[in-house]
Amino acid sequence: MNMMKFAALGLSIALSFATTSAFADGDAEKGEKVFKKCKACHTIEKDGGNKIGPNLFGIVGRKSGSVAGYKYSKAMLEKNVMWDEANLDTYLAKPKDFVKGTKMSFAGIKKEDQREDLIAYLNTFH
């Protein structure tokens with residue numbers, strides 16, 4: 001492996017650890033309180049139904065636009081991303097910036113610690 005590829009690989013690994021550790025700092029208990037902002041439009045129970053938004057059970061690690069029975073916007077269907085912690089964080093900060101044309105009317109969660117807590121909470125539902 002040449003030096004450029006080796007350096008790029010090292011940087012990539014370092015960034016993935018940095019991203020992972022930031023979300024590991026999230027507090028799922030606090031995230032449950034943050035989720036109250038989401039409850040009007042989303043359920044999180046296993047086999048729970050969809051509301052205005054799709055059920056979020058198992059969201060971490062799921063492909064975008066993939067909940068059965070939910071009618072997604074064309075933009076969300078075309079986004080075609082995996083909902084990992086980093087993508088969820090970016091989306092939750094400003095949904096309309098991450099998925100231009102999303103049906104989600106929620107403006108986003110500005111505070112990074114609240115997003116980390118919410119993602120930690122969502123990550124408990126598998």
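The values are calculated or read from the model by the stated rules, or taken from the named source; none is laboratory data. Just so we're clear, the structure is a prediction, and the values are computed from it rather than from any experiment. When we count neighbours, we look across all protein chains shown, and the Cβ atoms used for this are built from the backbone with ideal geometry, even at glycine. Accessible surface areas use protein heavy atoms only, side chains included; no ligands, DNA or RNA. Shrake-Rupley method; radii C 1.70, N 1.55, O 1.52, S 1.80 Å.
At a glance:
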{"read-out": "Where labels lie 7 Å past Cα in the beta-carbon direction, separation of K111 and K37 in nm", "value": "0.9"}
{"read-out": "Gain on full stretching of the segment that runs from S66 to D97 - 0.36 nm per residue minus C-alpha separation", "value": "9.1 nm"}
{"read-out": "Within the range 31-85, chymotrypsin sites (Phe, Trp or Tyr not before Pro) in DSSP loop having at most 12 other beta-carbon neighbours inside 10 Å", "value": "none"}
{"read-out": "With every protein chain in place, the range 55-102: carbon and sulfur % of accessible area (1.4 Å)", "value": "55"}
{"read-out": "Additional length obtainable on full extension of the chain from K46 to K30, 0.36 nm per residue less Cα span", "value": "3.7 nm"}
{"read-out": "H126 accessible area, assembled protein chains, probe 1.4 Å, Å²", "value": "130"}
{"read-out": "The range 24-90: GluC sites (Glu not before Pro) in DSSP coil with no more than 14 other Cβ atoms inside 10 Å", "value": "E45"}
{"read-out": "Under the Debye formula (equal points on every Cα, no solvent term), log10 I(q)/I(0) of the range 19-126 at q = 0.12, 0.16, 0.21 Å⁻¹", "value": "-0.35, -0.66, -1.22"}
{"read-out": "Estimated inter-spin distance, D84 and H126, nm [label 7 Å along Cα→Cβ]", "value": "1.6"}
